[in-house]
1. Could you check how many residues of the range 174-212 are open to solvent by less than 80 Å² (accessible area, probe 1.4 Å), of a type in the set (Ser, Thr, Tyr) and within 10 Å of residue 126 (Cβ to Cβ)?
2. If you check 488, 472, which single one turns out to be of a type in the set (A, V, I, L, M, F, W, C), surrounded by 18 or more Cβ atoms within 10 Å (Cβ to Cβ), over 17 Å from residue 529 (Cα atoms) and modelled with pLDDT of 90 or more?
3. Residue 164 fails exactly one of the following numbered conditions: (1) farther than 14 Å from residue 132 by Cβ; (2) open to solvent by 80 Å² or more (accessible area, probe 1.4 Å). What is the number of that condition?
4. Please find, among 605, 559, 572, the residue that is in contact with a helix residue (DSSP H, G or I) (Cβ under 8 Å, 6 or more places away or on another chain), open to solvent by 50 Å² or more (accessible area, probe 1.4 Å) and of a type in the set (Asp, Glu).
5. So if I check each of 478, 536, which one is free of Cβ contacts under 8 Å to residues at least 12 places away in the same chain and over 22 Å from residue 636 (Cβ atoms)?
6. Considering only the range 578-606, how many residues are more than 15 Å from residue 636 (Cα to Cα), aliphatic (A, V, I, L, M) and not in a strand (DSSP E or B)?
7. Looking at the range 527-574, which of its residues are among the basic types (Lys, Arg) and over 13 Å from residue 462 (Cα atoms)?
8. In a loop (DSSP other than H, G, I, E, B), out of contact with any strand residue (DSSP E or B) (no Cβ under 9 Å at 6 or more places or on another chain) and either of a type in the set (A, V, I, L, M) or open to solvent by less than 60 Å² (accessible area, probe 1.4 Å) (or both), is that true of residue 428?
Amino acid sequence: MTQLDLAEKLHYSDKAVSKWERGESVPEIGTLTAIADLFGVPLDYLVRAEHEAPAEEKSAEPAQAPRGVDAAERKKKNHALIAGMSVLLVWFVAVLAFAATDIFFRNVSRHWLILVYAVPVSILPAGGIYTRTDNRLLSYDFRFSATYNTTINNTHIINAYLGMETNQSDRQKTWFRGWGLQYDSGEIPFYDYLVFKKGKEDNSPYYEMGNTHYRNVAFFFNGTYSYKGRYTLNGTLRYEGNNALGLTTRSRWLPTWNVSGAWNVHEENFFNSISKAVSHLSLKASYSLTADRPSVTNALAVIQSYSPWRPSAGVTESGLTIKDLENSDLTYEKKHELNIGADLGFLDNRINLTVDWYKRDNFDLIGRVMTQGIGGQIQKYGNVATMKSRGIEFSLSTKNIKTKDFSWTTDFIYSHMKNEVTKFNTSTRAFNLVSGIGFSREGYPVNSLFSYDFRGLNEDGVPTFINEAGVLTSTDINFQETERFDNLVYSGPSEPTDVGSFGNIFQYKGLRLNVFITYSFGNVVRLDPVFSSIYNDLDAMPREFRNRWMTPGDERYTDVPAIVSSRQVRNDSKLSYAYNAYNYSTARIAKGDFIRMKEISLTYDFPKRWIKKLRMSNLALKIQATNLFLIYADKKLNGQDPEFFNSGGVATPVPKQFTLTLKIGL
């Protein structure tokens, strides 16, 4: 049977089955075969009606009852058949939908995994990285000056000096990074386009260029008058301007001046009577206004270009940002200084003494100030502080022994300085006062160092302190406190108040020995913040840990806290506060005093008669040792050098140096 025949018979079967169910007709065998093939039912079930039809037509009327029963049964079975086929069709559609959905999500998952866990791709398939930084400086200096000198009757000496100068300097800094430079293949670059794709996506440039322009103009005058060399009066006036403050014209010009005088007492006639004991005597004094160029440029608003980050490389752009808001009152840091001194010589200048006392009043000092955030900037630079300082400098030089072949000279220098911040218009946090090299606070020296008040260890070996509320605690400490600082203890200045040196030179014929010692006193240093509630195998333990708390009762003999257990850390989430406060407490303060053997050198000058034959004017051999050792230092430093420290405590000292020098003069 062809497909066309089957289609025709199926078309007929729809009508034939309807008539057959109603008992109006009996379908042909061909039609029944097509229906049986289509629905998968036995043919004998369908042809039963055809074989029984003649008998039913010849039988009496009551005999038609079984035929009606069979028709109803067949109708019921046909409905069941159709219902089964419907279920089968629904199941087939569901399986097809599930398969399609599974394939879709597998593809989506595969692409998502590729996005999140993509296999790394090298942007440097060959070669290496070539980085270069160039700094260029082009400067011009021009000075025009005029000098006038005259002497009237060998009594009045007048000197005048005036002029102007300009300074211009242009600095350029360029930075470049090249990828894929094949150093072993002719230095030819081999790079991948992914290099630029990566740089575009993470907003990192592959080259940079920066230019700085400095301009300075000054007009100056200096005049000196001396009467017979006894009395000298000097005056200096300087009017200077530069672009250090930016584009503003209100603050860039500043006049500075200096007035000084000297009295050479040894030129007086009455000095002859004491000249055998006092060789010379000079008294001097000066008063001045000087200024320092500021390190900031925001007298007007500073607007800077930049490249903002964007999530997609296709939408990148250049932008402008306000680096600093305008501060029209910003000006130079200025200082008034009064200096009074004396130079004395005794016993034909075998003893020379110089003494200087000074008083300095600094004002308009520049620093960061906390604001209310108006304009979008919480901190900005401004002239926020004033300071006063007093000091004395003392220098003594003596010729202890002087003979034909042997001499011994001594030089001693001492300087004492004390300063105090008198006004400071800014606020700070407690942590700024205790960390690093300290912080300036009104009524205290510059960069004063404060500490948490350590009150010993508790029964578990954990340090205790007095907090900002005046309560004894281990962990209830607010490092961000901005108002209550009464619990902090002033430990001292971070800068030394007394410094100087002591040197001796011994010479015997051509052999010269120099022994030079330096010293410093008056400051404190913060020891390294090495204590923590948690340690790992990479942490280096200083010597203090040998004396740490280990068993109950040790708190009576040591102030080094215990190494707490992990259970203690889990039970108290703020236990790290205690150890952090201990690092910045009074227990971790050491004196910065030291005496250092700075230099020992031995020089030998060969005799002239030896080197004359070699056609040399001089020949010398020198052996020098520098930074040999510390004569004195605080034992709490445990061998660390107090002269070299950084924001975390003391730093690596300057190493010892040994030098051998041969000096030849032709």
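1. Residues in the range 174-212 being open to solvent by less than 80 Å² (accessible area, probe 1.4 Å), of a type in the set (Ser, Thr, Tyr) and within 10 Å of residue 126 (Cβ to Cβ): 1 in total.
2. The conditions single out 488.
3. Exception for residue 164: condition (2).
4. Among 605, 559, 572, only 559 is in contact with a helix residue (DSSP H, G or I) (Cβ under 8 Å, 6 or more places away or on another chain), open to solvent by 50 Å² or more (accessible area, probe 1.4 Å) and of a type in the set (Asp, Glu).
5. 536
6. Qualifying residue count, the range 578-606: 2.
7. Matches in the range 527-574: 543, 546, 567, 570.
8. So residue 428 fails the test.
The values are calculated or read from the model by the stated rules, or taken from the named source; none is laboratory data. Model, not experiment: these values are computed from the prediction. We place every Cβ from the backbone using ideal geometry, glycine too, and count neighbours over all the protein chains shown. Heads up: the accessible areas ignore ligands, DNA and RNA and are worked out on the full protein's heavy atoms, side chains in. Shrake-Rupley method; radii C 1.70, N 1.55, O 1.52, S 1.80 Å.
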